[in-house]
Amino acid sequence: MTMGDESPVTSLVMPVLIRPILSNLERRDVVASQTLRAALSKVEAVHPGFTYDFVVGILRQGDLNVNMNESMLRLQGAVTETDVEYRLTRSEDAFQELNKKSAALKKILSRIPDEITDRSTFLETIKEIASAIKKLLDAVNEVAGFIPGPTGKQALEQRKREFVKFSKRFSNTLKDYFKEGQGNAVFVSALYLIHQTNMIMVTVKSKCE
């Protein structure tokens, strides 16, 4: 996989792996952390997937065999929701509720690698995911009323449709998993859902803040 590949893991390496590392560095050296963050963000904006290739290159040099899809999904569970890129700052209840629902869905999805091999536990997790998806969509509908102008509303509606499409794809992937046992396909589908959740948050921020 190289830069530009259509995979959700390429878009999640920066927020899920790199930014938490830089946040830890910031406690010791603010200038170094901010310089690295700015440089990596700039390169990633120009060459999407650069940070993914960078991390994979390090793993190859170390001759390490790591399932990046599974690893990114696990790491998502450790991400604090302080990353301003995917967090709404408006104080109204609708926006804060959307913050909570998006974080809750991503947290549940991050548990999949630990629970997928225990059928009864995983079935309960699937129910939680379905409920979290519905609650997120309800929260998006509440926020939609705050978005000014038809263009902004259409942009959010398009994001919502994309999210629903990948939610259905996730459901179909689960059906295939119980037939064929391909866990990695479930990890990838879950990462797509996380990415789509992030894109909803980015869209709302761009139209309302």
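Considering (1) within 26 Å of Phe122 (Cα to Cα); (2) in contact with a Lys or Arg (Cβ under 8 Å, 6 or more places away or on another chain), say which one Gly152 fails and leave the rest.
Checking Gly152 against (1) within 26 Å of Phe122 (Cα to Cα); (2) in contact with a Lys or Arg (Cβ under 8 Å, 6 or more places away or on another chain), the one that fails is (1).
May I ask you to say which residue of Leu193, Leu174 is under 20 Å from the mean Cα position of the chain (by Cα) and within 17 Å of Asn99 (Cα to Cα)?
Leu193
State whether the residues of segment 75-86 include one that is in contact with an Asp or Glu (Cβ under 6 Å, 6 or more places away or on another chain) and of a type in the set (Phe, Trp, Tyr).
no
Please determine, by comparing only the residues of segment 4-37 that are assigned to a helix (DSSP H, G or I) and exposed (fewer than 13 other Cβ atoms within 10 Å of the Cβ), which one is modelled with the lowest pLDDT.
Asn24
So, in segment 134-147, exactly how many residues are touching a residue at least 60 places away in the same chain (Cβ under 8 Å) and over 20 Å from the mean Cα position of the chain (by Cα)?
Narrowing segment 134-147 to residues touching a residue at least 60 places away in the same chain (Cβ under 8 Å): 136, 140, 143, 146-147.
From what is left, the residues that are over 20 Å from the mean Cα position of the chain (by Cα) are 146-147.
The qualifying residues number 2.
Which residue out of Leu136, Leu98, Leu73, Leu109 is among the hydrophobic types (A, V, I, L, M, F, W, C), at pLDDT below 95 and surrounded by 17 or more Cβ atoms within 10 Å (Cβ to Cβ)?
Details: Leu136 fails: at pLDDT below 95; Leu98 fails: at pLDDT below 95; Leu109 fails: at pLDDT below 95.
Step by step, each of Leu136, Leu98, Leu73, Leu109 is checked, and only Leu73 is among the hydrophobic types (A, V, I, L, M, F, W, C), at pLDDT below 95 and surrounded by 17 or more Cβ atoms within 10 Å (Cβ to Cβ).
Exactly one of (1) in contact with a Phe, Trp or Tyr (Cβ under 8 Å, 6 or more places away or on another chain); (2) surrounded by fewer than 16 Cβ atoms within 10 Å (Cβ to Cβ); (3) over 24 Å from Glu128 (Cα atoms); (4) of a type outside the set (Asp, Glu) is unmet by Gly149. Its number?
Failed condition: (1).
State the number of residues belonging to segment 162-171 that are within 17 Å of the chain's Cα centre (by Cα) and over 13 Å from Lys134 (Cα atoms).
Residues in segment 162-171 being within 17 Å of the chain's Cα centre (by Cα) and over 13 Å from Lys134 (Cα atoms): 5 in total.
The values are calculated or read from the model by the stated rules, or taken from the named source; none is laboratory data. This structure is a prediction, so every number in the text was calculated from the model and none was measured. Neighbour counts run over all protein chains shown; Cβ positions are idealised from the backbone, glycine included.
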